[in-house]
1. Would you mention how many residues in region 112-135 are without any contact (Cβ under 8 Å) to a residue 40 or more places away in the chain and at negative phi?
2. Which number in (1) part of a helix (DSSP H, G or I); (2) among the hydrophobic types (A, V, I, L, M, F, W, C); (3) touching a helix residue (DSSP H, G or I) at 6+ places or on another chain (Cβ under 9 Å) marks the one condition that A74 misses?
3. For region 137-170, give me each residue that is surrounded by fewer than 18 Cβ atoms within 10 Å (Cβ to Cβ) and closer than 18 Å to Y183 by Cα.
4. Condition (residue is basic (K, R), modelled with pLDDT of 95 or more, crowded, with 17+ Cβ neighbours inside 10 Å and at negative phi) applied to region 81-91: is it met by at least one residue?
5. How about region 84-136: which of its residues are within 22 Å of F28 (Cβ to Cβ) and hydroxyl-bearing (S, T, Y)?
6. Could you please give the count of residues in region 81-136 that are in contact with a His (Cβ under 9 Å, 6 or more places away or on another chain) and of a type in the set (D, E, K, R)?
7. In region 140-171, what residues are within 15 Å of N118 (Cα to Cα) and assigned to a strand (DSSP E or B)?
8. Report those strands (runs of 3 or more DSSP E) wholly inside region 91-132 carrying at least 1 residues which are within 12 Å of S38 (Cα to Cα).
Amino acid sequence: MAPPADAQNTATTSSPALTLVSRPCSHFDESPDPADISLLVIHNISLPPATFNTPYIDDFFAGRLDCDAHPYFARLAGVRVSAHCVIYRDGRIWQYVPFSARAWHAGLSLFAGRDKCNDFSIGIELEGADDVPYTEAQYLALVQLTQYLCQQYPAIRPERIVGHNAIAPGRKSDPGPAFDWCYYFQLLGVVPATSIAAESQAGEPV
């Protein structure tokens, strides 16, 4: 995806293994307690569905999506959601919400008996669709980002890395069966709990 016209207004944060490009977004608020962040939620998103390398995800999170640009977008009119980061098909990581803030990504959700997962989680979107394989570049970028987040927030342990479908079963399905949990955890060098790679259930991504 070509950088948007206002890309010159972005800020970039880099480390030897990680580059985050900051993008404009107002769809977030203060976290109730940044020290409580202890869950990592993996999603997918594509706009229109299963269509990649478009500017529409960036537009959607920035609140400037032209809902007349595609028939699917009519249902998104007035919707205000976000994730902390999006990992695009080429492995670029664009950050929309500071990690210490509360992104609006989980919706109605429950993890380990606790609801309102936005309050204590970080949400990462992969540009993709439930039944379309993710790219190698995305897995590598996700692993780098996961390692960084686990260093910054030690309470995010392997058993607290889940898909959106796991915290909103029946309502959400992402990241879907195309996401290779075993490969992801292999790259991380950890052995996941058996409950992490839950079967994708009927629902809607995003």
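1. 3
2. With (1) part of a helix (DSSP H, G or I); (2) among the hydrophobic types (A, V, I, L, M, F, W, C); (3) touching a helix residue (DSSP H, G or I) at 6+ places or on another chain (Cβ under 9 Å) applied to A74, the lone miss is (3).
3. Selection gives A137, L140, Q147, R157, P158, E159.
4. For region 81-91, residues basic (K, R), modelled with pLDDT of 95 or more, crowded, with 17+ Cβ neighbours inside 10 Å and at negative phi: present.
5. Those that are within 22 Å of F28 (Cβ to Cβ) and hydroxyl-bearing (S, T, Y): Y88, Y96, S100, S109, S121.
6. Total meeting the criteria: 1.
7. Passing the criteria: I161, V162, G163.
8. Details: elements: 93-95, 101-103, 121-127.
In region 91-132, the matching strands (runs of 3 or more DSSP E) lie at 121-127.
The values are calculated or read from the model by the stated rules, or taken from the named source; none is laboratory data. None of these values were measured; they are calculated from a predicted model. In this analysis, Cβ positions are derived from the backbone assuming ideal geometry, glycine residues included, and neighbour counts consider all displayed protein chains.
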